Each structure stands twice: as C-alpha cells, then as structure tokens.
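Coordinate-derived values only; no laboratory data. Every value quoted in this text rests on a predicted model; they were computed, and no experiment measured them. Ideal geometry is used to build each Cβ from the backbone, glycine not excepted, and the neighbour counts take in all protein chains shown.
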Amino acid sequence: MAGQTLEIQTADGTFSAYLAVPAQTPAPAVVVLQEIFGVNQVMRDICDDYAAQGYLAICPDLFWRIEPGVDITDQSEAEWKKAFSLMNAFDPDQGLRDIRAVIDTIRSHEACTGKVGAVGFCLGGLLAFLTATRTDADASVAYYGVGIEQRTGEAERLAGPLMMHIAEEDQFVPKAAQELILAALKNHPQVQIHTYGGRDHAFARKGGEHYDAADAQLADERTQAFFKANLV
C-alpha cells in the first residue's frame, strides 16, 4: 500500500505525517505515535496494517521541532545514541499540542468518519496516555509507555477509554514504576490494563530484540477489539 504525506498546520509552522488510507472510506482514524526512532519503517508498517484493517492511519513527525524527518532504526549503537538524544530534547507537553493539531486535522479529513483513536509505543505510549487525558480522542492505547508513573495523577482528567499494555520485565519501566501505575489506574473505570509476564520493552516491535510473536499478537488482538468497540 502506498502511503501519502499529509502536512499538519500549527501556529508555529508545518510538519509532516505519514498517512495510510484504507480501501473503503470514510473510516475511523488512528493516530500512531512514534517510538524514539522517528517515523521509520516500523511506524509506517503499523499505519499500513491499520489501513488494511479499515482505519485511516496517520503517524506524525513529532520530532520536527528538533530535527524534521528522523527515520532511524534500533540496529546500531549510533542510532540508539541519537534516539536517546532526541528523546531527551523532546518536550512531551509541546508534543501534545502538536498531537491535538493532528487529531483536529484528521478528524476533519474527507476520508474520516469523525472518530479518532490513538496508539503509541515507548515514548509514544506515554504520549498515548497523555492524549487520553488531554485531548478529545475517542480511545487511546499505550504500549509499554515510558514515564507514565510520573503522570498518573492526570488520570482524573480521562474523558475517553484507555488501554495499556505493560511488559512485566520492561527495562525502561521498572517494577516500582509498574506498581505505581497499577495502584493508580487498575481500578479506574475508563482504563483497561494488560500485563505480559516475561516480556521486555518493545515486545510488540517486529524485528526487535525483544519481539515475542505470541504476546505481540495477543496485545494487538486486544487493541483491535478495543478500537472496534470504541471507534467503529
């Protein structure tokens, strides 16, 4: 499937997003929120997969204020070093303002039904959580979000449903952080949390060091059912 580039306008400038359009429109939209490697092939493939499922899928370049067009992998030490440098320079609060612009843009797109969800991975998992608390997204899913334990107080602002996938052996979300997240959110009426025993960070990233096909499929099936219930 050939992806498209969509330009997102903000008061500060314009940034690009990868857009995958399903065969049948109008369709609900899913905003795919990047890992620390930019809008790379992994993110584009995820968008294409969502489009194949019948969603209008868009992945915005959230690092545009630091370096537009980042497209790297997790396959070399130099790329990891650059990815962490980008993450450390990234302002999540400003990123959320950009995500709001993406949601507004895609919601008004001629191919969209008006329903918009969000799904994020790693850094994008944190952003998906914040999207659920700070935007009017209709449903959000966070895969192994990093830093959520520092933001659980925002859950009182949840307006839409949120699903979270937590890897129990996540090297970037230690046990103490997981305990804080579960204590704060597990009984929240808008939140569904799934934990994956023995899994490390990015267990759902195809081709990644910690990829686990069975649990990746399980998490994705849960996400698909969640979006079908809340967006379709």
*asked:* Could you sort the peptides 195-204, 35-44, 9-18, 73-82 by per-residue average Cβ neighbour count (10 Å cutoff), highest mean leading?
replied: 35-44, 195-204, 9-18, 73-82
*From the phi of every residue in the range 75-83, what ³J(HN,Hα) in whole Hz does the Karplus formula 6.51 cos²θ - 1.76 cosθ + 1.60 yield, where θ is phi - 60° and glycine or proline is x?*
9, 9, 5, 5, 5, 4, 4, 5, 4
*Using 0.36 nm per residue, how much length does the chain from Ala78 to Asp104 gain when fully extended, once their Cα-Cα distance is taken away?*
5.8 nm
*For the range 15-112, alpha-carbon Rg and Dmax in angstrom*: 13.9, 42
*Between Ala176 and Gln53, 0.36 nm times their residue separation minus their Cα-Cα distance comes to what?*
40.6 nm
*So which residue, out of Phe63, Phe129, Phe84, gets the largest mean-square fluctuation from a GNM of the chain using Cα contacts under 10 Å as springs?*
Phe84
*Taking amide H positions as placed 1.01 Å from N in the peptide plane, with prolines and chain starts having none, which residues 5 or more places from Ile193, or on another chain, fall under 5 Å of its amide H?*
Met164
*For Ser16 and Ala183 in the same chain, what is the full-extension length gain: residue separation times 0.36 nm, less their Cα-Cα distance, in nm?*
56.3 nm
*In Å, what Rg and Dmax follow from the Cα atoms of the range 4-231?*
16.1, 45
